[in-house]
1. Among the residues of the range B:197-207, which ones are closer than 21 Å to B:Asn246 by Cβ and in contact with a Leu (Cβ under 8 Å, 6 or more places away or on another chain)?
2. Need the failing condition index for B:Phe239 against (1) within 14 Å of another protein chain (Cβ to nearest Cβ); (2) closer than 30 Å to B:Ser193 by Cβ, just the number.
3. Among the residues of the range B:75-92, what is the count of those that are open to solvent by 10 Å² or more (accessible area, probe 1.4 Å), part of a strand (DSSP E or B) and in contact (Cβ under 8 Å) with a residue 24 or more places away in the chain?
4. When both residues are 6+ apart or on different chains and their Cβ atoms are under 6 Å apart, which pairs have a first residue that lies in the range B:258-269 and is touching a residue at least 24 places away in the same chain (Cβ under 8 Å), and a second that is open to solvent by 30 Å² or more (accessible area, probe 1.4 Å)?
5. For the range A:171-199, which residues satisfy the criterion of being within 10 Å of another protein chain (Cβ to nearest Cβ) and polar (S, T, N, Q)?
6. Please determine whether any residue of the range B:54-68 is without any contact (Cβ under 8 Å) to a residue 24 or more places away in the chain, over 16 Å from the mean Cα position of the chain (by Cα) and farther than 22 Å from B:Ser179 by Cα.
7. Can you say whether B:Glu291 is open to solvent by 50 Å² or more (accessible area, probe 1.4 Å), part of a helix (DSSP H, G or I) and within 14 Å of another protein chain (Cβ to nearest Cβ), as far as the supplied structure shows?
8. Which one of A:Glu109, A:Glu76, A:Glu114, A:Glu100 is among the charged types (D, E, K, R) and either free of Cβ contacts under 8 Å to residues at least 60 places away in the same chain or surrounded by fewer than 15 Cβ atoms within 10 Å (Cβ to Cβ) (or both)?
Amino acid sequence: MNSFNLVSYLSSNIDIDENQIKVLVENCKSKTVVKGNYLLQEGEKCKHTFFVEQGLLRQYSIDSKGKEHILQFASEGWFVSDRESVYFNQAANYYIQALETSKVLFLDEQFILELSKTSSKFVEFNNRLLHNHIRNLQKRINLLLSATAEERYLDFISVYPDVLMRVPQSMVASYLGIAPESLSRVRKDMAKKHFTSSS
Amino acid sequence: MSVKQVELIASPKEPHFVGDGFRVHNFIPSGFRLDMQRMTPFIMLDYASKHYFEPSPQPKGVGVHPHRGFETVTIAYKGKVAHHDSGGGGGVISEGDVQWMTAASGVLHKEYHEENFSKTGGDFQMVQLWVNLPSKDKMSTPKYQALRNASINRYTLENNGGEIEVIAGKYNNIIGAASTFTPIHLYNAKLKSGAIASFSFPAHYNTALLVIEGSITVNNKEKVPTDHFVLMGNDGEDFNIQAIENAIVLILSGEPINEPIAAHGPFVMNTRQELMEAFDDFNKGKFGYLED
């Protein structure tokens, strides 16, 4: 899959010297996380926001019956974190796991502070990212409360165009809050509508 | 006529698994000089070198996945693969067979070790090659060419030296079994120890060899052992190979498709926009539906 570079992403969105960001990014840890390994487990203290340069992560919780619930996928260019743990000093409620061997940047609070000091444009941009994140969370809550399985699936594929083919169906169903059989039915119905067999 | 020289001999990289059934060494696209633009129209080559699979009640393989914009060519040397697709097609590729699948506008398919092969276990050795399609044919109707070994025409070498199976294109007067969208020559050269075979392709055709069994010398100079890949230069037309011991060599040569390539995962298109459409069409079921 194509990789995503944080330095060029930030410098193309805010008016700041690329070298200044480079120095700050180079101070952050960068790691290759092998498929299946964890960046965070429930009960730990989360110290970073993770930025995916290459690969795919998932953030999920496990309920009292042992069932997994996927809150978010994070592919190339996505940020993922347990904010309650990072910013409110609580033990983590979530697991963050690599679904593919991934190249991940570990961004700490210091990185955000330094960048904010360096550039007021970054503060604006970071606010914009936060608002966008909250907007998407609001939309997701509303879909979980009110939408049909098909509506949730259509939203999923618009947010994550390439994730369907990178993860097992059961994980997509878990993200959508529906049974795997319901996801199969939705996808079969859509294929019936859209597919003209050539054979 | 000038000699086509060896440009590069690549040794097999560490194998990785595609699904749980295909243990492959990737040769194309892999970095320096073996990228898609250099090798066009051959845009991917995974080589499953000979590997023994233990008996398994559950067939190993790759689950449902899509393709669009190119052709997949599976050449079986050992073992058997069963495949199914969203158009209702399916079949078994056995030793010596070639399956030429034109994914074009899009198919969903899955490939597993054939059930009986899986149960008994055995040696497995195959090549999967992706052949790019020119822009005008990328959205054409998908199709299969299932080429049974017996239907592949052969050129018999002199002095009982072996034979050249012509999968596509032409070798001397022998015409290949597969039809192709752009000019391509694809052969399995099965040479007896000491035998020599000569080849001639236009200089600008991208040309490569993969030694499946045994070992060879190219142009009486470079020695190439088993499982090694040879990139031939674009400097000339003619070259020959000689078997140091009984050898099987896959020979590929094709006219370059000089168009932009936008590739992501299982889609190979010309533009980023077309790639986004491919993802959207796949997500919305336009490739059909296939149970895992």
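The values are calculated or read from the model by the stated rules, or taken from the named source; none is laboratory data. Small disclaimer: the values here were computed from a predicted structure and weren't measured. We place every Cβ from the backbone using ideal geometry, glycine too, and count neighbours over all the protein chains shown. SASA here: full protein model, heavy atoms, side chains in, ligands and nucleic acids out. Shrake-Rupley method; radii C 1.70, N 1.55, O 1.52, S 1.80 Å.
1. Residue satisfying the conditions is B:Ala197 alone.
2. If we test B:Phe239 against (1) within 14 Å of another protein chain (Cβ to nearest Cβ); (2) closer than 30 Å to B:Ser193 by Cβ, just (1) comes out false.
3. Of the residues in that region, 7 qualify.
4. B:Glu259/B:Ser135; B:Ile261/B:Met36; B:Pro266/B:His65
5. Of everything in the range A:171-199, those that are within 10 Å of another protein chain (Cβ to nearest Cβ) and polar (S, T, N, Q) turn out to be A:Ser184, A:Thr196, A:Ser197, A:Ser198, A:Ser199.
6. no
7. Judged against the criteria, B:Glu291 is not a match.
8. Of A:Glu109, A:Glu76, A:Glu114, A:Glu100, the one residue that is among the charged types (D, E, K, R) and either free of Cβ contacts under 8 Å to residues at least 60 places away in the same chain or surrounded by fewer than 15 Cβ atoms within 10 Å (Cβ to Cβ) (or both) is A:Glu109.
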